[in-house]
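Okay, structure first, notes after.
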Amino acid sequence: MGGNMPFKVKRICCIGAGYVGGPTMSVIAKNCTDIEVTVVDINETKIKHWNNKDLSKLPIFEPGLDAIIKKCRDINLFFTTNLKDSIANADMVFISVNTPTKTSGIGAGKASDLKWVEESARQVVKYAKGKTIVVEKSTIPVRTAETIKSILDTSNKLTNENKEFSVLSNPEFLSEGNAINNLEDPDRVLIGGEDEGSINCLVNIYKKWISPKKILCTNLWSSELSKLAANAFLAQKISSINTISGLCEKSGANITEVAKAIGMDSRIGSKFLNSGPGFGGSCFKKDILNLIYIANFYKMPEVSEYWEKVLEINSWQQNRIVEKIVSSLFGTLSEKKIAILGFAFKSNTNDTRESPAIKICKDLIKEGAELLIYDPKVSAERINEDLNKESLLLKEENIGKWHVTKSIYKAVEGALGIVVITEWDEFRTINWAKVSQLTNYPIWLFDTRNICNKEEAKKYNIRVWTIGL
Ligand code: NAD
Ligand code: UGA
């Protein structure tokens, strides 16, 4: 493509209308009114929801997203299942499809499953016309661009048309619940590539609203590896503070004070030091597993073992929360009602992928508890699907059950324990007087996020356990 290709991008197609594709393309459309942006997905229901007039029915919940959709949809932002025309019309195609951990075959449980990325590349080969810049937006293992390039390179051998492709890596760093702020004002935009003309095309798009100082251009492999490394470093920070929370509970130190004390060192930084029920979300675990796989591939067991520990500590944190609940409730949960407040993996999202709530709830159910689950944004269908998934051995004796409720106060009715798992704002201001009238005695509050008003709860004889205190 080289210097031949510094054209102005007029039409963008994004393959994948998920948590990344939807918000990212919305923000591009909002800031680049001269570009027509089409987001395409194979999932018809999802596309129907993206096109729903009722903006509360968008397939994902992200603060501020509805306003952008309202402003841009059907003007320069389109959602469709028509892959063929969307790719054929585009000067630039973003690949923003899922890259989960492989579940079978070589690398199962660690390597990324790239079948959706490969399929997207094949669709680009098939439908693209003329010159097309292909942008990897999905998180992928280092050197995936090679795979994409080799698929794209077959194009002219397969067809008589003269197609020209250039591949860029442009990993996404948005965090759910904060996606629109992150996209409007990112810490940095990372672009990896070899072809200057194509890099400039993408830089020019971002420059419409982001300072050039924040746009970092690197080689392809640095860009791909930086994405995995960034997520691994963030997850490592959480595992580190979670180990310290355990030590605080034993030693009389207070995790809030320790986190503040260490976070004031600018070399450590105060962000990502909230101890909690362990990290969830679709990416931290999968990206670390991927890093572990790559380290093993390059025969560096010390590197893979280092990152494995970060994942082990995450499971340890969830296990010890369950043990604390069981031991506080006299060693058995059989037929005891427990309120679960929060099911999303973090606040301000309806995403439950890898949510700590799933493992904690399953373990409590296995102990025989009856769970009353409330989350302000996660649907009952989602919760039921997550808890039914995998091996919940319903035939086992002493197995409990769960119900999804519509409010905090419905969830606590008759409960002996209240477990706060997601840091939703409404859990900060729970009316403990009301709770004390609805629950059974003695009642325990297990605050795994350290967000509840403990002193207020204690006034009503509620016993409180807080992570790291
Ligand atoms: P997602 O599952 O929400 O969305 C992916 C979408 O791609 C799905 O709707 C799926 O139907 C669609 N898709 C798959 N194959 C397709 C095909 N061949 N043609 C058309 N559509 C297809 O996933 P996501 O959370 O948006 O993540 C996408 C990528 O971005 C992943 O690699 C992830 O690691 C990365 N990422 C995610 C986040 C996040 O916060 N979720 C942040 C940064 C990076
Ligand atoms: C994370 C990264 O922050 C994004 O930069 C990245 O783009 C994204 O993964 C991705 O690649 O998917 P996300 O998973 O949406 O974003 O959310 P985070 O805010 O990072 O939280 C991840 C998990 O860590 C949540 O379960 C959260 O509750 C937990 N966490 C976070 C803590 O337990 N303590 C903290 O101090 C911060």
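The values are calculated or read from the model by the stated rules, or taken from the named source; none is laboratory data. None of the values given here were measured: they were computed from a predicted structure. For neighbour counting, all protein chains shown are included, and Cβ atoms are generated from backbone atoms with ideal geometry for every residue, glycine included. Please note that ligands, DNA and RNA were not included when accessible areas were found on the heavy atoms of the full protein model with its side chains. Shrake-Rupley method; radii C 1.70, N 1.55, O 1.52, S 1.80 Å.
Using R₀ = 41 Å, calculate the FRET efficiency as 1/(1 + (r/R₀)^6) where r is the Cβ-Cβ separation of Thr154 and Trp316; round to 0.05.
Working: r = 47 Å, r/R0 = 1.14.
Taking R0 as 41 Å, the efficiency between Thr154 and Trp316 is 0.30.
Give the accessible surface of the chain per residue, rounded to a whole number of Å², with probe radius 1.4 Å and ligands, DNA and RNA excluded.
46
Could you tell me the accessible area of Glu381 in Å² (1.4 Å probe, neighbours in place), rounded to the nearest ten?
It works out to around 130 Å².
Can you list, bin by bin at 10 Å, the percent of alpha carbon pairs in region 4-140, starting at 0?
Spelled out bin by bin, region 4-140 gives 13, 42, 32, 12, 2 percent.
Hey, rough spin-label estimate for Ser211 and Thr45, points 7 angstrom out along Cα→Cβ, what's it come to in nanometres?
Each label point is offset 7 Å from its Cα along the Cβ direction, giving 4.4 nm.
Nearest 0.05, what FRET efficiency do Glu118 and Lys434 give at R0 = 56 Å with Cβ-Cβ as r? Present the calculation step by step, with values, prior to reporting the outcome.
Details: r = 54 Å, r/R0 = 0.97.
So, using R0 = 56 Å, E works out to roughly 0.55.
Can you list residues from other chains, or at least 5 along the same chain, whose modelled amide H is less than 5 Å from the amide H of Lys337?
Glu370, Leu416
Rounded, prolate or oblate, given the Cα gyration tensor of the chain, with a/c below 1.5 counting as rounded?
prolate
Taking the mean number of other Cβ atoms within 10 Å as a proxy for protection, how do you rank 141-149, 203-211 from highest to lowest? Don't jump to the answer; show the numbers that get you there.
On the way: 141-149: 18.9, 203-211: 15.7.
Put in order of decreasing packing, that is 141-149, 203-211.
Pop a pseudo-label 7 angstrom from the Cα along the beta-carbon direction at both Glu323 and Asn162 and give the gap in nm to one decimal.
6.9
Taking the chain as the reference, fit the longest principal axis to its C-alpha atoms, fit the long axis of helix 144-153 to the helix C-alpha atoms, and give the angle between the two in degrees, 0 to 90, nearest 10.
30
Between Ser175 and Leu247, what is the label-to-label distance in nm when each label sits 7 Å out along the Cα-to-Cβ direction?
2.3
Glu196 to Met264: FRET efficiency via 1/(1 + (r/R0)^6), r the Cβ-Cβ distance, R0 51 Å, to the nearest 0.05?
It comes to 0.75.
When the Kirkwood radius is taken over all Cα pairs of region 149-206, what Stokes-Einstein diffusion coefficient follows at 10 °C and 1.306 mPa s, in µm²/s?
Using the Kirkwood radius from Cα pairs, D works out to 116 µm²/s.
Enter the Cα centre distance for the pair region 256-334 and region 448-467, rounded to the nearest angstrom.
Here the two parts' Cα centres lie 24 Å apart.
Mind grabbing the accessible area of Met264 for me, 1.4 Å probe, Å², rounded to tens?
Roll a 1.4 Å probe over it and Met264 shows about 150 Å².
Rounding to the nearest 10 and keeping the result within 0 to 90°, find how far the Cα-based axis of helix 220-251 lies from the longest principal axis of the chain.
It is inclined by approximately 10 degrees.
Search the structure for amide H atoms under 5 Å from the amide H of Ile373, placed 1.01 Å from N in the peptide plane, and list their residues when 5 or more places away or on another chain.
Sorted by chain and number, the residues that satisfy this are Ile340, His403, Val404, Thr405.
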